[in-house]
Structures are given as C-alpha cells and as structure tokens.
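Undergrad: Here's a structure for you.
The values are calculated or read from the model by the stated rules, or taken from the named source; none is laboratory data. Here the structure is a predicted model, which means the values were calculated and not measured. Please note: Cβ atoms are built from the backbone with ideal geometry, for glycine as well, and neighbour counts cover all protein chains shown. For accessibility, only protein heavy atoms count, side chains too; no ligands or nucleic acids. Shrake-Rupley method; radii C 1.70, N 1.55, O 1.52, S 1.80 Å.
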Amino acid sequence: MLKNRSVIVTGSTSGIGLGIARAFAAQGANVVLNGFGRAEEIEQIRQEMASTFGVKVLYDPADMSKPEQVRALARLAIEVFGQVDIIVNNAGVQHVAPIESFPDEKWDAIIAINLSSAYHLIKAVLPGMKARGFGRIINVASAHGLTASPFKSAYVAAKHGLIGLSKTVAIEVANDGITSNTICPGYVKTPLVEQQIADQAKVHGISPEQVVRDVMLSHQARKAFVQVEELAALAVFLASEQAASMTGAAIAMDGGWTLH
Ligand code: NAD
C-alpha cells in the first residue's frame with residue numbers, strides 16, 4: 001500500500017516507534033530509523049527489516065533535542081531516498097516529579113525532544129511535500145495530550161503542545177495534499193512504561209502488579225494495555241490515500257481513558 005513512499009520515524013529503535021517503522025516497511029515503504037541504543041542491536045533490526053520486507057532501511061542517530069541534527073536527519077533521507085513522504089514524530093521521554101522540584105534541565109529536554117523536534121522536522125520536510133503535492137505528518141502524543149495527571153508537567157505540556165502544533169500545520173497545508181494528525185495512546189507496555197512500573201512500585205511500596213492495576217490502568221475503561229500493533233495499524237491508515245480528508249485530528253487510542 002505504501003510502495004515507493006519514504007518515511008522517517010523518530011525514536012524508532014524501541015517500543016511504539018519501532019512497531020510503526022516495521023508496519024510501514026511491511027507495507028513496502030523505505031524507512032529511516034532513528035533513536036538511541038546499542039549499535040549492533042540497531043544494525044540487526046535495520047538488516048532484518050530490510051531483508052524481511054525487501055525495502056531500504058537507513059539508520060540515523062540524530063539526537064532529537066538538537067535542532068541541527070533533526071534538520072540533518074531530514075537532509076539524509078532526502079539525499080538517499082530522493083524525498084520524504086511521511087514523517088512520524090514519535091521520539092519521547094518522560095520525567096515524573098512535583099513541579100516545585102521538577103529539574104529545569106528535564107523540563108528543557110522534554111520540551112525539546114517531545115515537542116520542538118516535531119516543529120523542526122515538519123519545517124524541514126514541508127517544502128518537498130508541498131512541491132510533490134503529497135505528505136503525511138503523524139505525531140505521537142498521548143492521552144496526556146488531552147488530559148493531565150499530577151507530576152508530569154513537562155510531558156503533559158509538551159503533548160498538549162504537539163496537538164496544537166499538528167492542528168496549526170493541518171490548516172496551513174490543507175490544500176497541498178498534506179495531512180497532519182496526532183495519535184494519543186493510553187498506556188502501552190514498552191521499555192518507557194516498564195521503567196515507570198518499576199519506579200512507581202518502589203516509590204509507593206507496592207507490587208508491580210498493583211502499579212499496573214491501581215495506578216496505570218485505573219483510568220482506562222478497558223483494563224488492558226494498548227498494543228503497539230494497534231497503534232501501528234492506525235499510523236499506516238493515516239499515511240494512506242484513504243485518509244486524505246482526516247486532518248488536524250487528535251485520535252485517542254486509549255482504552256477509554258479520556259472518556260471520563
Ligand atoms: P520507548 O522508550 O520504548 O522509545 C522511545 C524512543 O525514543 C527510543 O527509540 C529512544 O531511543 C528514542 N529517543 C529518546 N530520546 C531521544 C532523543 N533525544 N533523540 C532521538 N531519539 C530519542 O518509548 P515508547 O513508549 O515507545 O514511546 C514512544 C512515544 O509514544 C513517546 O513519544 C511517548 O511519549 C509516547 N507514548 C507512550 C506511551 C506508553 O504507554 N508507552 C503512551 C502514550 C504515548
């Protein structure tokens with residue numbers, strides 16, 4: 001379905017981004033992977049994805065907190081694939097602390113990685129998308145882009161901001177064949193969340209099972225983690241021709257969390 005399309009997925013060495021990158025490769029798209037991790041493991045992922053799906057897969061280690069590296073990532077993709085048709089702004093980090101003791105450097109890093117990187121990447125790829133009359137901008141926010149929880153000030157601010165950015169871009173490019181949408185997942189059991197389960201169990205003095213049941217999934221009407229494959233299928237749909245009229249949307253896939 002996405003043959004001859006090329007896609008950049010930020011933060012795709014792990015979790016949701018990796019699942020989305022894989023789903024795009026499975027649809028025939030050439031993929032640029034990005035994110036941190038052990039070089040041998042990333043190279044293994046890159047090779048496996050390319051050979052399984054018969055597509056080109058690149059890896060770029062750009063640090064999404066550095067605007068110049070974000071721009072260089074876009075340049076590399078354009079140089080190698082000739083164009084960028086789809087971007088998935090997925091890279092994200094979390095820090096949990098009350099606002100009075102929130103470390104300023106964590107605030108700056110979360111805003112830079114979870115929000116500003118999307119601005120810089122969108123800005124870098126839009127001229128090419130406009131010239132070809134096709135583009136798909138997919139942003140991965142969170143249920144925390146639609147609602148708040150205590151102790152996550154930077155994350156909630158960045159994710160709300162990402163939805164605002166996406167809506168603004170959607171209007172600006174509505175007649176250029178380009179859409180911009182945001183996916184808002186509930187809890188997904190990725191390394192980011194595995195770490196939070198361990199941390200919260202320690203802080204609250206409760207078991208990991210209690211953290212999952214009483215803290216994480218307490219808001220989700222459906223008492224189950226969202227699956228990476230479900231989010232990836234939504235991203236593939238948003239990238240398709242059939243999603244041309246869907247733009248500026250913030251789509252919750254959160255087991256009913258934000259219905260309350
Ligand atoms: P993860 O920790 O498994 O993956 C995060 C990815 O981002 C990794 O590839 C990591 O290397 C990369 N990354 C981190 N800092 C980076 C930087 N400075 N530059 C480049 N890459 C960087 O996390 P995940 O759960 O897959 O999260 C992916 C996205 O989904 C994030 O934006 C997160 O906020 C969002 N999200 C996750 C959940 C969840 O429950 N897991 C829920 C809602 C939203």
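Undergrad: When the solvent-accessible surface of protein heavy atoms is calculated with a 1.4 angstrom probe, in what order do ARG71, ARG46 fall, highest first?
TA: ARG71, ARG46
Undergrad: Let me ask something else. State the Cα centre-to-centre distance between segment 21-83 and segment 84-147 in whole Å.
TA: Using only Cα atoms to place each centre, the spacing works out to 17 Å.
Undergrad: Quick one: how many Å² of ASP104 are accessible to a 1.4 Å probe, rounded to 10?
TA: It works out to around 110 Å².
Undergrad: How many lysine pairs in the chain, separated by 8 or more positions in sequence or lying on different chains, have Cα atoms less than 16 Å apart?
TA: Count of close lysine pairs: 8.
Undergrad: Give me the percent of accessible area attributable to carbon and sulfur for segment 49-186, probe 1.4 angstrom.
TA: 58
Undergrad: Work through the residues other than SER166 whose Cβ is under 14 Å from its Cβ and net out their charges, Lys, Arg +1 and Asp, Glu -1.
TA: Cβ neighbours under 14 Å give a net charge of +3.
Undergrad: Run the simple label-point estimate for ASP199 and LYS3 please: 7 Å along Cα→C-beta, distance reported in nm.
TA: Distance between label points: 4.5 nm.
Undergrad: May I ask you to derive the FRET efficiency for GLU209 and LEU259 from their Cβ-Cβ distance with R0 = 30 Å, giving the value to the nearest 0.05?
TA: Working from the Cβ atoms, E equals 0.75.
Undergrad: A follow-up question, please. Under a crude label model (7 Å from the Cα following the beta-carbon direction), how far is ASP176 from SER218 in nanometres?
TA: Output for this residue pair reads 4.5 nm.
Undergrad: Ranked from the most accessible area to the least, with a 1.4 Å probe and all protein chains present, what is the order of LYS189, LYS202?
TA: Greatest to least solvent exposure: LYS202, LYS189.
Undergrad: Then there is this: I'd like to check one number: the per residue accessible area of the chain, probe 1.4 Å, reported in Å² as a whole number.
TA: Result: 46 Å² of accessible area for each residue.
Undergrad: Counting Lys and Arg as +1 and Asp and Glu as -1, what is the net charge of the other residues whose Cβ lies under 12 Å from the Cβ of ARG5?
TA: So the environment of ARG5 carries a net charge of +2.
Undergrad: Would you mind calculating the gained length between GLN227 and HIS95 on full extension (0.36 nm times residue separation, minus the Cα-Cα distance), in nm to one decimal?
TA: 45.3 nm
Undergrad: Tell me, what is the FRET efficiency for ARG38 and LEU192 to the nearest 0.05, using R0 = 25 angstrom and their Cβ-Cβ distance as r?
TA: 0.90
Undergrad: Could you give each residue of segment 219-227 its phi-based ³J(HN,Hα) in whole Hz, using Karplus coefficients 6.51, -1.76, 1.60 with θ = phi - 60°, and x for Gly or Pro?
TA: So the Karplus estimates, Gly and Pro as x, are 8, 7, 4, 8, 7, 8, 5, 6, 8 Hz.
Undergrad: Among MET129, MET49, MET246, which one moves the most in a GNM of the chain with springs linking Cα atoms closer than 10 Å?
TA: In this elastic network of the chain, the residue with the biggest mean-square fluctuation among MET129, MET49, MET246 is MET246.
Undergrad: Take the Cα of ARG132, step 7 Å along the line toward its Cβ, and report every residue of segment 58-81 whose backbone nitrogen sits under 20 Å from that point.
TA: Residues 58-60, 70-81 fall inside that zone.
Undergrad: Report the local net charge at LYS123: Lys and Arg +1, Asp and Glu -1, summed over other residues whose C-beta lies under 13 Å from its C-beta.
TA: +1
Undergrad: Amide H to amide H under 5 Å from ARG5: which residues, 5+ apart in sequence or cross-chain, H placed 1.01 Å off N in plane?
TA: Sorted by chain and number, the residues that satisfy this are ASN30.
Undergrad: Also: What is the packing order of peptides 37-43, 16-22, taking the mean over residues of other C-beta atoms within 10 Å and listing the highest first?
TA: 16-22, 37-43
Undergrad: At most 15 other Cβ atoms within 10 Å and a DSSP loop assignment: could you name the chymotrypsin sites (Phe, Trp or Tyr not before Pro) in segment 1-58 that fit?
TA: Counting only loop positions with at most 15 other Cβ atoms within 10 Å, the chymotrypsin sites (Phe, Trp or Tyr not before Pro) in segment 1-58 are PHE36.
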